[in-house]
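Note sheet for the following structure.
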Amino acid sequence: MQLLLIRHAQSANNLLAASDPGNYADRRVSDPGITDLGVQQAAALGAWIGGVSPRPTRLYCSPMKRTIQTATPVADALDLPLEVEDFLYERPGPLDGFGATQKPARGSSLSDLAAITDRAQFPESVTEQGWYSGDVETPQQVAERALDIADWIRRAHSEEDCVAMVIHGAIGALVLFAIICPERLQLMADCPMGSEPWWFGLDNTSTSMISLLPGGGVEVHWINRVDHLVSAGLVTGASAIPTVNALTR
């Protein structure tokens, strides 16, 4: 089985954090869409993915606007349904506020999310009232969720599948750890959120390809590949080089 893990395109919150970090806590939104640059990144991803081998046979994303918007040109290029799963959300869940003022949000309504693309297929948990009913996720809870996602990838798919997932930077990095070196996640309980001593850096629309072998083995082909952005003139230099050993944040 192959896993092609993709981070979403640049979101409005990503842009705000980079351009106006002093006002990030006050101006961020719980479920941002992608920016004009993000639209270009997603289009470049869609143009690239039609030639990737092996070709994805399943396509998933989280119930957040930025992943659905990023995955739409991918679904169009592959002519696949977009399967939305409510457990693929970014950690620590959708939030109103930030830092000391943060509290859980419900997430966007079904009608708002369904308006993005008619390829999206939603679970019953995504309703007009939103889809998230939990608290702010703790480091231990997100570590357990990453391990559960890794188990679901193996359990719910055949050896012949190539599973593409458009998700997020933080949970995406943790899913990679859950697959490649799950013992690292046992350290999560002792780390304040965002202060882990290790990380996989995942750029917007970066791709990571891993083979999940019978018996539990893995083969890493690449992590954080962004050459589709290079071809589109959207990134240059060292950030275009994929890595398989980015273990410090």
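Starting from the Cα gyration tensor of segment 75-198, take the square roots of the eigenvalues, sort them a ≥ b ≥ c, and report rounded, prolate or oblate (rounded when a/c is under 1.5, otherwise prolate if a/b is larger than b/c, else oblate).
Verdict is oblate for segment 75-198.
When the scattering of segment 52-112 is computed by the Debye formula from its Cα atoms alone, each counted once and equally, what is log10 I(q)/I(0) at q = 0.12, 0.16, 0.23, 0.30 Å⁻¹?
Normalising to I(0) and taking log10 leaves -0.38, -0.60, -0.96, -1.30.
Using the basic label-point model (7 angstrom from Cα toward the beta carbon), what is the Leu187 to Glu160 distance in nanometres?
4.1 nm
Would you mind working out the accessible area per residue for segment 36-118, using a 1.4 Å probe, and quoting it in Å²?
With the other protein chains kept in place, segment 36-118 gives 40 Å² per residue.
Say R0 is 51 Å: what FRET efficiency, to the nearest 0.05, do Leu213 and Arg27 get from their beta-carbon distance?
According to the calculation, E is roughly 0.70.
Taking DSSP loops as anything outside H, G, I, E and B, show the longest stretch in the chain free of GluC sites (Glu not before Pro) there with at most 11 other beta carbons within 10 Å.
With a cap of 11 other Cβ atoms within 10 Å, the longest stretch comes to 1-123.
If all Cα-Cα distances of the chain are sorted into 10 Å bins from 0 onward, what percent lands in each bin, rounded to whole numbers?
Answer for the chain: a P(r) of 7, 32, 40, 19, 1 percent.
Among DSSP bridges having both ends in the chain, what percentage is antiparallel? Round to the nearest 5.
Of the beta bridges lying entirely in the chain, close to 50 percent run antiparallel.
Subtract the Cα-Cα distance of Trp222 and Phe98 from 0.36 nm times their separation in residues, and report this length gain in nm to one decimal.
Additional length available on full extension: 41.4 nm.
Could you give the length gained on full extension between Asp151 and Val39, defined as 0.36 nm per residue of separation minus the Cα-Cα distance, in nm?
37.1 nm
Would you work out the charge dipole size for the chain about its Cα centre, treating the Cβ of every Lys and Arg as +1 and the Cβ of every Asp and Glu as -1, and quote it to the nearest 20 debye?
Magnitude of the dipole: close to 440 debye.
Can you check what the net charge comes to around Thr57, using other residues whose Cβ is under 14 Å from the Cβ of Thr57 (Lys, Arg +1; Asp, Glu -1)?
Local net charge: -3.
Hey, if you put +1 on the Cβ of every Lys and Arg and -1 on every Asp and Glu Cβ in segment 1-101, which of Pro32, Leu4, Ser19 ends up farthest toward the positive end of that dipole?
So the residue we want is Leu4.
Taking springs between alpha-carbon atoms closer than 10 angstrom, which of Leu174, Leu202, Leu234 fluctuates most in the Gaussian network model of the chain?
Leu234
The values are calculated or read from the model by the stated rules, or taken from the named source; none is laboratory data. The structure displayed is predicted, hence computed values, not measured ones. Positions of Cβ are generated from backbone atoms using ideal geometry, with glycine treated the same way; all protein chains shown enter the neighbour counts. What goes into the accessible areas is simple: the full protein's heavy atoms, side chains included, and nothing from ligands, DNA or RNA. Shrake-Rupley method; radii C 1.70, N 1.55, O 1.52, S 1.80 Å.
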